[in-house]
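Values in this text are rule-based calculations from the coordinates and carry no lab data. If you're wondering where the values come from, they're calculated on a predicted model, not measured in any experiment. Backbone-built Cβ (ideal geometry, glycine too); neighbour counts: all protein chains shown.
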């Protein structure tokens, strides 16, 4: 990272409905294509073969792919503010408790995400879907980070969390259907 790079740390947490098996959330996270279709900015995607360079970048970003962490790469097409259309290179690795991903975007942005199913910080009896993201950017983008990029990322990922949990709920047999509780932070 150069002296002109900064890291913006962003987190969102969504309560997992009481009675929902956390392993179902982790399994749903492993469906990367499902995550793409739930993100309102994504307009398309293609799986690609990860290069040695991609694998090295991922291992540096996350200190290894973890136990059994197979790396999967995608070209992800998005419509986002600042661009009519753009393509990101995204790399995913399933982990025992969630998913790690990195995405390289225009303007030199790099997003490193960790999606995890963990106990709530305030109520350890309750499980939450937590997504921690580090957005690496140039200092020149600081005004855009706080006014456009971070708010749009949060909005899209809140939507993705809600759709993911709703899909799990709707996939349950009717006798097991749950009501989504709480509000995204």
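Residues within the reach of a label modelled at residue 146 (point 7 angstrom out along Cα to beta-carbon, backbone nitrogen below 19 Å), restricted to segment 98-137, are 134-137. One decimal place: the segment residue 43-residue 79 gains 12.3 nm when fully extended, by the rule 0.36 nm per residue minus the C-alpha distance. Take the Cβ atoms of residue 51 and residue 171, set R0 to 35 Å, and the FRET efficiency comes out at 0.50. A Förster radius of 41 Å, combined with the Cβ-Cβ distance separating residue 104 from residue 21, puts the computed FRET efficiency at roughly 0.75.
When the convex hull of its Cα atoms is viewed from all sides, the chain shows a mean projected area of 11.2 nm². Using Cα springs under 10 Å in a Gaussian network model of the chain, which residue among 93, 170, 101 shows the largest mean-square fluctuation? Residue with maximal mean-square fluctuation among 93, 170, 101: 170. Fewest neighbouring Cβ atoms within 10 Å first, the residues 30, 74 line up as 30, 74.
Helical content alone sets the calculated 222 nm signal of the chain at -8000 deg cm²/dmol, taking -39,500 (n - 2.57) per DSSP H segment of four or more residues and averaging over every residue. The angle separating the long axis of helix 150-171 from the principal Cα axis of greatest extent in the chain is about 30 degrees. Axis angle, to the nearest 10 degrees, between helix 52-62 and the longest C-alpha principal axis of the chain: 60 degrees.
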